[in-house]
1. For segment 252-260, does any single residue satisfy the condition of being free of Cβ contacts under 8 Å to residues at least 12 places away in the same chain and not aliphatic (A, V, I, L, M)?
2. Would you mind stating whether Lys186 is assigned to a loop (DSSP other than H, G, I, E, B) and either open to solvent by less than 10 Å² (accessible area, probe 1.4 Å) or touching a residue at least 12 places away in the same chain (Cβ under 8 Å) (or both)?
3. Of the conditions (1) touching a residue at least 40 places away in the same chain (Cβ under 8 Å); (2) in contact with a strand residue (DSSP E or B) (Cβ under 9 Å, 6 or more places away or on another chain); (3) away from the ligand (no atom under 16 Å from the Cβ), Val179 clears all except one; give me its number.
4. Mind checking whether some residue in segment 249-258 is within 15 Å of the ligand (Cβ to nearest atom), surrounded by fewer than 17 Cβ atoms within 10 Å (Cβ to Cβ) and more than 11 Å from the chain's Cα centre (by Cα)?
5. Scan segment 199-225 residue by residue and report those that are within 16 Å of the ligand (Cβ to nearest atom), of a type in the set (D, E, K, R) and under 21 Å from Leu235 (Cβ atoms).
6. Filter segment 200-234 for residues that are farther than 23 Å from Gly258 by Cβ and of a type in the set (Asp, Glu) and give the result.
7. Only residues that are open to solvent by 20 Å² or more (accessible area, probe 1.4 Å) and part of a loop (DSSP other than H, G, I, E, B): list them for segment 200-211, please.
8. Any residue in segment 28-45 that is more than 12 Å from Gly248 (Cα to Cα) and in contact (Cβ under 8 Å) with a residue 24 or more places away in the chain sitting within a Cβ distance under 6 Å of a residue that is open to solvent by less than 20 Å² (accessible area, probe 1.4 Å) and within 11 Å of the ligand (Cβ to nearest atom)? List the pairs, counting only those 6 or more apart or interchain.
Amino acid sequence: MRTFLPALLLLTMTGALPAAQPIKVMLLDGESGGAYHDWRATTPYLQRMLEQAGVFQVEVVTAPPKGADFSNFKPDFSKYKVVVSNYDVPDERWPDELKQSFEKYMQNGGGMVVVHAADNAFPKWKAYNQMIGIGGWRGRTEADGPFWYYKGGKVLPDLSAGKAGSHGARIAFKIVNRVTNHPITKGLPAEWMHVPDELYARMRGPGENMTVLATAFSDESNKGTGRDEPVLMVLKFGKGRIFHTTLGHDLAGLNCVGFIATYQRGTEWAATGKVTQKVPADFPTATKTATRADFTPPAKK
Ligand code: ZN
């Protein structure tokens, strides 16, 4: 017997039906802590990854450079469902009015995605650190919150003194999902290998309203802590939702199907509270990394 499903129903069931209203994304860049974070190179990758998910409309917003006048930089955050930050600056770069405008957007239910060194930014901006949960470098110390790490099923604070932020050499490492029923992690393998990248450790911050979705073991033999360090987390700030990934140092670190999929899913979740995307078939496994040919970094000159 042959049965036919109405075409529209079939499209809906297979997930092929395009979203009627694309999710508006602001991808923020314009500065980093150093040439090692090449935002001019990584932003196009981050943009294309979102565009490939088929549910987003992405607009890149480039903040003025260091030393420029910020008085006319007043992005209308409320035009966007989510702000993806590929941006790292010291506290004094943003005028108070701009900081307050972003806080208000988040309090009122905005979305934010923190990629890698965006968690280095604004060490003394209290609300920003509440949004990211943990951060590193730029002079952060015990005054800015404890170290946070994962042990025995819990996210624990370490109140000891010291600088925030470290990483070893860029080698492949295993990500372990700790929360498997969150919309972002649901359906992902419990463990997966990430491509050679920086594994952030010794991160400090308020750690409030923070759920650590995934961790990676920071090996002492590679300047690590001997602890399971948070790498993917979600947070609440007012009515706002935040997805924070510490992964993605450079083009090679971004070219991991695990990074791409969690970033696409995390951005949708931060914007809407839901994830409609399927887990890609080429997702990495517990023993094997996975990359995409169309995100292969250009050969070095
Ligand atoms: Zn880095």
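The values are calculated or read from the model by the stated rules, or taken from the named source; none is laboratory data. Every value quoted in this text rests on a predicted model; they were computed, and no experiment measured them. A quick note on method: Cβ atoms are made from the backbone with ideal geometry, for glycine too, and the neighbour counts reach across all protein chains shown. Keep in mind that these areas ignore ligands, DNA and RNA; they rest on the heavy atoms of the full protein, side chains included. Shrake-Rupley method; radii C 1.70, N 1.55, O 1.52, S 1.80 Å.
1. no
2. yes
3. Here Val179 meets the rest and fails (1).
4. Yes.
5. Result: Arg202, single match.
6. Glu208, Glu220
7. Across segment 200-211, the qualifying residues are Arg202, Pro206, Glu208, Asn209.
8. Here the result reads Ser32/Asp88; Gly33/Asp88; Gly33/Asn120, each pair linking segment 28-45 to a residue that is open to solvent by less than 20 Å² (accessible area, probe 1.4 Å) and within 11 Å of the ligand (Cβ to nearest atom).
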